[in-house]
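Nothing in this text is a laboratory measurement; each read-out follows from the coordinates by a stated rule. Because the structure is a prediction, the values reported are computed rather than measured. Counting neighbours? That spans all protein chains shown, and the Cβs are built from the backbone with ideal geometry, glycine included.
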Amino acid sequence: MTEQKWTVTVDPEICDGYGVCQRIEKSIFQPAEDDDVVRIVSQPETPEMLERVKLAVRRCPKLALKLLPRDSAE
């Protein structure tokens, strides 16, 4: 059985750059250089990273993060 892969996204119109997600998982969330938002630099590839990303999504004060299943056709 293949393990489900996930993609995390950030809505730059909602994100205010509080950095909660960055403190939880620095390998995925980084500050954008040109404004006060977060950018996604990678995707969760291990179960441990996925759990931290799930926590970041839940703790985002602006609800700017989404975690979506990756298309199985990729």
Any idea how far apart residue 33 and residue 51 come out in nm if each label point goes 7 Å out from Cα toward Cβ?
3.5 nm
Length released on extending from residue 6 to residue 41, taking residue separation times 0.36 nm less the Cα-Cα span
11.2 nm
Share (percent) of C-alpha pair distances in the chain greater than 16 Å works out to 43 percent
Tilt, helix 47-59 to longest principal axis of the chain (alpha-carbon atoms), in degrees rounded to tens, equals 40 degrees
GluC sites (Glu not before Pro) within the range 6-40, DSSP loop, no more than 15 other Cβ atoms inside 10 Å:
13, 33
